[in-house]
1. Just checking, does region 111-130 include any residue being in contact with a strand residue (DSSP E or B) (Cβ under 8 Å, 6 or more places away or on another chain) and either surrounded by 13 or more Cβ atoms within 10 Å (Cβ to Cβ) or in the same structural domain as residue 13 (by TED's automatic domain parsing) (or both)?
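The values are calculated or read from the model by the stated rules, or taken from the named source; none is laboratory data. Only a predicted model underlies this, so the values are computations on that prediction, with no experimental measurement involved. Neighbour counts run over all protein chains shown; Cβ positions are idealised from the backbone, glycine included.
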């Protein structure tokens, strides 16, 4: 007859599978949102990719390594983890696209006043966050700080 601790381990197997499946699902949703964030400046790319990496680390070693070693997506995660910063050109492009998108949305598509203010607050917060990210030194220039 099985001991109590062995029975508890058997009971946890289905629970662990469900938890891994939830982490995997959350990682996949975060990955999709991160990819959308690359082309849509309203969504932050790096936080979603970091969340995807954390979820995959707890659910699928294969997908975790694929994400970190991905030619495009892996650099976002590695640059953030290693504190390498963000190139000035990327900062300028990101902030420009953010404000163009927000202003077009506010002027042409959003009719509700409080949502317009909310979008402005979000744009200001994201802009400040991007500005506060340490500048990455370009290979061609000596000093960018």
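1. We begin by selecting, within region 111-130, every residue in contact with a strand residue (DSSP E or B) (Cβ under 8 Å, 6 or more places away or on another chain); these are 130.
From the residues that got through so far, the ones that are either surrounded by 13 or more Cβ atoms within 10 Å (Cβ to Cβ) or in the same structural domain as residue 13 (by TED's automatic domain parsing) (or both) too are 130.
The answer is yes; a qualifying residue exists.
Residue-by-condition table, conditions (1) over 17 Å from residue 33 (Cβ atoms); (2) in contact with a helix residue (DSSP H, G or I) (Cβ under 6 Å, 6 or more places away or on another chain); (3) assigned by TED's automatic domain parsing to the domain that holds residue 22; (4) not in a loop (DSSP other than H, G, I, E, B):
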{"residue": "47", "(1), (2), (3), (4)": "no, no, yes, yes"}
{"residue": "53", "(1), (2), (3), (4)": "no, yes, yes, yes"}
{"residue": "56", "(1), (2), (3), (4)": "no, yes, yes, yes"}
{"residue": "63", "(1), (2), (3), (4)": "no, yes, yes, yes"}
{"residue": "66", "(1), (2), (3), (4)": "yes, no, yes, yes"}
{"residue": "71", "(1), (2), (3), (4)": "yes, no, yes, no"}
{"residue": "77", "(1), (2), (3), (4)": "no, yes, yes, yes"}
{"residue": "80", "(1), (2), (3), (4)": "no, yes, yes, yes"}
{"residue": "93", "(1), (2), (3), (4)": "yes, no, no, yes"}
